[in-house]
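Below is one structure, written out as structure tokens, with a few remarks after it.
The values are calculated or read from the model by the stated rules, or taken from the named source; none is laboratory data. Worth saying up front: this structure is predicted, and the values here are computed from it rather than measured. Here the Cβ is made from the backbone with ideal geometry for all residues, glycine too, and neighbour counts use every protein chain on show. Side chains included, ligands, DNA and RNA excluded: accessible areas come from the protein's heavy atoms. Shrake-Rupley method; radii C 1.70, N 1.55, O 1.52, S 1.80 Å.
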Amino acid sequence: AQKVTQAQTEISVVEKEDVTLDCVYETRDTTYYLFWYKQPPSGELVFLIRRNSFDEQNEISGRYSWNFQKSTSSFNFTITASQVVDSAVYFCALSEALFYFGSGTKLNVKP
Amino acid sequence: SQTIHQWPATLVQPVGSPLSLECTVEGTSNPNLYWYRQAAGRGLQLLFYSVGIGQISSEVPQNLSASRPQDRQFILSSKKLLLSDSGFYLCAWSVTGSYNEQFFGPGTRLTVL
């Protein structure tokens, strides 16, 4: 069974729209960490955020925000006022010691 | 600051040929090291990880192998490449211990013909 599910394979938005990327995870551990990575067309994965299982506070960093809800096992990522440079594949990941990556969501932001 | 290097950046190899991809990390000691493969349009598959020199754990049985001859060097090898080995190979490192974020190298794009 998939430990991390990113149901949205591809999303297309127009610049300045807000967009939310969904991530649902599965674990029986009480201690775990969740991550988001960005993979631009160049290919290198860029670390965006780490969140531990004991901290459900939402986090905002500029136009990026993350909503962690243990009750629904979700760790969603919202980009506000999207820009063309946000176009990339975004991966959600779960760490129970080893990493488990989701299959990624490709975001296309059109001008 | 820490940096991670991978080479070559791209590689085209015939079926049955050997493979050696190298990854080195600078600016840190005793990192955990990882090799991932990403098939076109797909997610990341963990191939190997290492928590120390000479210590290799394999996650997926296949015709690939990994070695860690030095603390900050991680090598991915194959004696005979298959068509299915084509993909984007990413090396990553993390601080020793569990749950830490991984930092990725620029990747090697391998095409087996």
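Conditions (1) without any contact (Cβ under 8 Å) to a residue 60 or more places away in the chain; (2) surrounded by fewer than 16 Cβ atoms within 10 Å (Cβ to Cβ); (3) touching a strand residue (DSSP E or B) at 6+ places or on another chain (Cβ under 8 Å); (4) in a loop (DSSP other than H, G, I, E, B), marked per residue:
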site	(1), (2), (3), (4)
A:Ser12	no, yes, yes, no
A:Thr30	yes, yes, no, yes
A:Trp36	yes, no, yes, no
A:Glu44	yes, no, yes, yes
A:Asp55	yes, yes, yes, yes
A:Thr78	no, no, yes, no
A:Ser82	no, no, yes, yes
A:Leu94	no, no, yes, no
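List the strands (runs of 3 or more DSSP E) inside the stretch B:37-113, counting only whole elements, that have at least 1 residues being open to solvent by less than 30 Å² (accessible area, probe 1.4 Å). Before the answer, list the steps.
Values: elements: B:44-52, B:55-58, B:64-70, B:73-78, B:87-94, B:108-112.
Qualifying strands (runs of 3 or more DSSP E): B:44-52, B:64-70, B:73-78, B:87-94, B:108-112.
Across the stretch B:27-70, which residue is farthest from the other protein chains (Cβ to nearest Cβ) among those that are in contact (Cβ under 8 Å) with a residue 40 or more places away in the chain and farther than 25 Å from B:Leu83 by Cβ? Going through the qualifying residues, I end up with B:Ser29. Of everything in the stretch A:57-75 that is closer than 24 Å to B:Ser94 by Cβ and of a type in the set (S, T, N, Q), the residue that is surrounded by the fewest Cβ atoms within 10 Å (Cβ to Cβ) is A:Gln57.
Kindly establish whether B:Thr28 is open to solvent by 20 Å² or more (accessible area, probe 1.4 Å), farther than 17 Å from B:Val112 by Cβ, touching a Phe, Trp or Tyr at 6+ places or on another chain (Cβ under 8 Å) and in a loop (DSSP other than H, G, I, E, B).
yes
Can you pull out every residue in the stretch B:98-111 that is farther than 12 Å from B:Gln38 by Cβ and touching a residue at least 12 places away in the same chain (Cβ under 8 Å)? Within the stretch B:98-111, B:Asn100, B:Gln102, B:Phe103, B:Gly105, B:Pro106, B:Thr111 qualify.
Looking across the stretch A:96-111 at every residue that is open to solvent by less than 10 Å² (accessible area, probe 1.4 Å) and assigned to a loop (DSSP other than H, G, I, E, B), the one that is nearest to B:Arg42 (Cα to Cα) is identified as A:Gly104.
The residues of the stretch A:17-51 that are more than 15 Å from A:Asn67 (Cβ to Cβ), within 11 Å of another protein chain (Cβ to nearest Cβ) and either among the aliphatic types (A, V, I, L, M) or touching a Lys or Arg at 6+ places or on another chain (Cβ under 8 Å) (or both), listed by number, are A:Tyr33, A:Gly43, A:Leu45, A:Val46.
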